[in-house]
1. Look at region 79-119 and say how many of its residues are within 20 Å of Q16 (Cα to Cα), surrounded by 19 or more Cβ atoms within 10 Å (Cβ to Cβ) and in contact with a Lys or Arg (Cβ under 7 Å, 6 or more places away or on another chain).
2. Go through (1) closer than 28 Å to V77 by Cα; (2) more than 24 Å from the chain's Cα centre (by Cα); (3) hydrophobic (A, V, I, L, M, F, W, C) one by one and return the number of the condition W213 breaks.
3. Considering each residue of region 161-191, count those that are surrounded by fewer than 13 Cβ atoms within 10 Å (Cβ to Cβ) and at pLDDT below 85, and give that number.
4. Determine the pairs where a residue that is in contact (Cβ under 8 Å) with a residue 12 or more places away in the chain, located within region 180-206, has a partner that is among the acidic types (D, E) with Cβ atoms under 7 Å apart, the partner being 6 or more residues away or on another chain.
5. Go through region 1-32 and give me each residue that's assigned to a loop (DSSP other than H, G, I, E, B) and either open to solvent by 20 Å² or more (accessible area, probe 1.4 Å) or of a type in the set (A, V, I, L, M, F, W, C) (or both).
6. So P105 fits all but one of (1) farther than 30 Å from T186 by Cα; (2) part of a helix (DSSP H, G or I); (3) modelled with pLDDT under 90; what number is the exception?
Amino acid sequence: MIRLLIAEDIDYLREQLIQSLEKAGDMQVVGSAATGLEAIKLAEECTFDIALLDIEMPGVNGLEAAEQIREMDEDAVIIFLTAFDEFNYAKKAIAVKALDYLLKPVDHEELIATIEEAIRLVREQKLMSTESANATVDNAGNECVDSVKEKEHRLDNLRINAVAESIRYYIETHYMEDISLQDVATAMNYSDAYFCKLFKQCFDKSFVSYLTWFRIEK
């Protein structure tokens, strides 16, 4: 059973999410919060696999709650919901290694697809933890299975995917302007050299080539 923690300050939306997700499959909502502070307290008190957090909540918001949840549980899968299409929100979501950033009103199929991906990640993490616990030592005394490296590789891939989505969003909203690689790097708080390398990792082509292709597609 996959355990969910949900934080949404609008009561009827929170109830809709709970009903929708519990009907979707092998999932159980183990915590329901109306504020970020309540979400943090629930994270301290209950065991969960996935945190679905609204961003704009009174007091402690979803981003601040996610930072503390990530400190408590580095393996938790975090998904954000928000009615505000803000680039800064997307950047902060990357910082806490969020799986996705969904805009409200959330399309049901998109939400379920994201939750299914989260469940797959949770199951992979549990499998790797089991393999790590059962790892044997060969005749030379070396560990046969290195699940830690596999896990780190998976997290790196998640981070690259999140960064790529933020870059796409910036280009989507600015492609009609005279933008440069330096402009995007500055917006995302990266050095030009590092961003150039990161962009290549994300898209396997240069910024100019990608921007040209994107404009032609549009």
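The values are calculated or read from the model by the stated rules, or taken from the named source; none is laboratory data. Treat the numbers as computed from the prediction; the structure is a model and nothing was measured. With ideal geometry, Cβ positions are generated from the backbone for all residues, glycine too; neighbour counts draw on all protein chains shown. Ligands, DNA and RNA are stripped out before the accessible areas are found, and what is left, the full protein with its side chains, is counted by its heavy atoms. Shrake-Rupley method; radii C 1.70, N 1.55, O 1.52, S 1.80 Å.
1. 2
2. For W213, the exception is condition (1).
3. 2
4. Pairs found: L181/D192.
5. M1, D9, I10, G25, D26
6. (2)
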